[in-house]
Amino acid sequence: MTAIHNDHAETDLILRGVLRDVLGLRAEQVDAFSHETGLFGHLPELDSMAVVSLLTEIEDRLDIVLEDDEIDGDLLETYGALLSFVIAKRSDG
Amino acid sequence: MQLACWSAPGGSEELVVRMGPTDASVRVLVLPAWFDEANKTRHFTIEMMRELALLGVASDLPDLPGCNESLARLEEQSLASWRAAAASAADELGSTHVLAIRASVAIAPKTPGWAYAPVAGKSVLRSLLRVRVMASREAVRAETSEDLLAAGRSEGLALAGYRLGSALVADLADHADTASPLGEIAQAALGGPGLWLRAEPDHDAAQAKALAALIAQGLQP
């Protein structure tokens, strides 16, 4: 149980790092993200070009592959939605 | 700084930016990042070379055939043609070491040196495909990465403004491993996020200094 929990904490940390680096956000702002924090449509930094960089960087740093049909509005709606998706994807691989 | 020419094996005359002492016994061949990443890291790369020069290290940044100021057709390039070009640049310019930036790890000549934040051709291609798929989606055109890739492998593909030939598309798609004999310099060693992640071309003087210092340190006997 602890191992699973640690895994999630690691994914959470990496994902926050990707958002900080790709969107050029301050660490304090990203650290304060909750599951409900809105992403696409809420963060002005996250335009459609940034979405591409974000997805590519998530793939590289978390060693997962995101398919075209997995990428839709819901995926980037909130931080919690993105985190849950990435955690599920990591446990698949 | 000096602007010079060298000849690529395909017969094209290519430009090279040369920095540092002209009589240096050590010359670092700097192979640039590719496509969109090349634009975003150009300023950083040049400033890093300036920093190297301040440390007494000479370096050369050639244009890859079909890129930047090159008059060669990008469509006709492949990893093999870029590899041959990099080897011939190293030879003509008297490079003793190489610094391969990002995807250039795939074409580095057999010279000692470093791979900075290496990335697989496959990731670069995926990113380019994604730009196209997302743009098509906004235009309510149904295109998938898979179909585009299949078409690109046989006929070539225009992605994010770059006209890639079928050979380069296939080479990129098949290049999944960034392992190389070069010493890897991870982005984390530069103390900030990679400049290719920025929305617009930008610069970070501290990172340029940090990379130059790591190279100069690695050159110490």
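The values are calculated or read from the model by the stated rules, or taken from the named source; none is laboratory data. For clarity, every value in this text was computed on a predicted model and none was experimentally measured. All Cβ positions, glycine included, derive from the backbone under ideal geometry; neighbour counts span all protein chains shown.
Residue-by-condition table, conditions (1) modelled with pLDDT under 90; (2) surrounded by fewer than 11 Cβ atoms within 10 Å (Cβ to Cβ); (3) of a type in the set (Lys, Arg):
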site: A:Leu23; (1), (2), (3): no, no, no
site: A:Val30; (1), (2), (3): no, no, no
site: A:Gly41; (1), (2), (3): no, yes, no
site: A:Asp60; (1), (2), (3): yes, no, no
site: A:Glu67; (1), (2), (3): yes, yes, no
site: A:Leu82; (1), (2), (3): no, no, no
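In this structure, is B:Thr178 in a loop (DSSP other than H, G, I, E, B), away from chain A (no Cβ under 14 Å), in contact (Cβ under 8 Å) with a residue 24 or more places away in the chain and among the β-branched types (Val, Ile, Thr)? No, not satisfied.
Looking only at the range B:156-172, residues that are part of a helix (DSSP H, G or I) and out of contact with any strand residue (DSSP E or B) (no Cβ under 6 Å at 6 or more places or on another chain) come to 6 in all. Only one of the listed residues (A:Glu28, A:Glu36, A:Glu10) is more than 23 Å from B:Pro201 (Cα to Cα), away from every other protein chain (no Cβ under 14 Å), among the charged types (D, E, K, R) and not in a helix (DSSP H, G or I). That residue is A:Glu36.
Taken together, the residues in the range B:160-173 that are free of Cβ contacts under 8 Å to residues at least 60 places away in the same chain and under 19 Å from A:Asp68 (Cα atoms) amount to 2. Under the condition of being under 16 Å from B:Ala179 (Cβ atoms), buried (at least 17 other Cβ atoms within 10 Å of the Cβ) and not β-branched (Val, Ile, Thr), the residues counted in the range B:93-127 number 16.
Of the strands (runs of 3 or more DSSP E) entirely within the range B:31-138, those holding at least 2 residues that are touching a strand residue (DSSP E or B) at 6+ places or on another chain (Cβ under 6 Å) and closer than 17 Å to B:Ile185 by Cα occupy B:97-101, B:113-116. Can you tell me which residue in the range A:69-80 is surrounded by the fewest Cβ atoms within 10 Å (Cβ to Cβ), limited to those that are charged (D, E, K, R) and at pLDDT below 90? Here the residue is A:Asp69.
Within the range B:103-127, the set of residues being within 14 Å of chain A (Cβ to nearest Cβ) and either without any contact (Cβ under 8 Å) to a residue 40 or more places away in the chain or among the polar types (S, T, N, Q) (or both) comprises B:Ser123, B:Arg126, B:Ser127.
Considering only residues of the range B:128-154 that are under 21 Å from B:Asp177 (Cα atoms) and in contact (Cβ under 8 Å) with a residue 24 or more places away in the chain, which is farthest from the other protein chains (Cβ to nearest Cβ)? Once the filter is applied, the top-ranked residue is B:Leu149.
Listed conditions (1) under 21 Å from B:Met49 (Cβ atoms); (2) of a type in the set (Asp, Glu); (3) within 11 Å of chain A (Cβ to nearest Cβ) are all met by B:Glu200, apart from (1).
The set of residues in the range B:181-205 being within 21 Å of B:Arg126 (Cα to Cα) and in contact with a helix residue (DSSP H, G or I) (Cβ under 7 Å, 6 or more places away or on another chain) consists of B:Pro193, B:Gly194, B:Leu195, B:Trp196, B:Leu197, B:Arg198, B:Ala199, B:Pro201. A count restricted to the range A:39-72 and to residues that are within 12 Å of chain B (Cβ to nearest Cβ), not β-branched (Val, Ile, Thr) and not in a loop (DSSP other than H, G, I, E, B) stands at 13.
Table: residues versus (1) of a type in the set (Gly, Ala, Ser); (2) more than 23 Å from A:Arg61 (Cα to Cα); (3) at pLDDT below 95.
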| site | (1), (2), (3) |
| --- | --- |
| B:Arg126 | no, no, yes |
| B:Leu164 | no, yes, no |
| B:Leu172 | no, no, no |
| B:Asp177 | no, no, yes |
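Across the range A:1-60, the number of residues qualifying as under 16 Å from A:Phe85 (Cβ atoms), β-branched (Val, Ile, Thr) and without any contact (Cβ under 8 Å) to a residue 24 or more places away in the chain comes to 1.
Annotation: of all residues in the range A:55-71 being of a type in the set (D, E, K, R) and touching a Lys or Arg at 6+ places or on another chain (Cβ under 9 Å), the one that is farthest from A:Leu39 (Cα to Cα) is A:Asp63.
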